[in-house]
1. Does a label point 7 Å from the Cα of LYS52, set along Cα-to-beta-carbon, have any residues of the stretch 66-89 with amide nitrogen under 18 Å, and which are they?
2. Roughly speaking, to the nearest percent, how much of the chain's 1.4 Å accessible area is carbon and sulfur?
3. For the chain, take the longest principal axis of its alpha carbons; what is the angle in degrees between that and the long axis of helix 94-107, to the nearest 10 within 0 to 90?
4. Within the set LYS21/LYS107; LYS52/LYS95; LYS21/LYS52; LYS49/LYS95, which residue pairs have Cα atoms separated by over 21 Å?
5. Quote the charge dipole size of the chain about the Cα centre in Debye, to the nearest 20; the model charges only the Cβ of Lys and Arg (+1) and of Asp and Glu (-1).
6. Hey, what's the chain come to in accessible area per residue, 1.4 Å probe, Å²?
7. 7 Å from Cα along Cα→Cβ at both VAL38 and ARG86: what's the point-to-point distance in nm?
Amino acid sequence: MLPSRYRLPSPLVRRVLAKGKRTPFDELSLTSVSTNEVVSRVAFVVSTKVDKRATARNRIKRILSESVWQLLPSIRVGNDIVFVVRRSPGPISQKQAEEKVRSLLQKASLLAL
């Protein structure tokens, strides 16, 4: 689980989704907005259209959260980021999720290399 300082509060998720720059990639989509914060904050959105079961949606969020946590030192600071799962990724391993998240962050130019 991401530490609370890296989690985007719920009221700000709608603002990011409305005003942010969207980057689609496979079954994931990333929306980001630049801020003046000293850290980048992240949120995950998994609709009931992806899976009706809360346990399945929460599992997807946990896997993505762990992937972002591993990549946190290399993510540029000062961004609010929302990952939206557009369709079910099916059975996915932690390694596969980390590769997809890394590719999506690189595509959105949010990785500090």
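The values are calculated or read from the model by the stated rules, or taken from the named source; none is laboratory data. Only a predicted model underlies this, so the values are computations on that prediction, with no experimental measurement involved. Positions of Cβ are generated from backbone atoms using ideal geometry, with glycine treated the same way; all protein chains shown enter the neighbour counts. We work out accessible area using only protein heavy atoms, side chains counted, and drop any ligands, DNA or RNA first. Shrake-Rupley method; radii C 1.70, N 1.55, O 1.52, S 1.80 Å.
1. Answer for this model: 87-89.
2. So the carbon and sulfur contribution to the accessible surface is 51 percent.
3. Tilt of helix 94-107: around 40 degrees.
4. Pairs exceeding the cut-off: LYS52/LYS95; LYS21/LYS52; LYS49/LYS95.
5. 380 debye
6. 59 Å²
7. According to this spin-label approximation, the distance is 3.7 nm.
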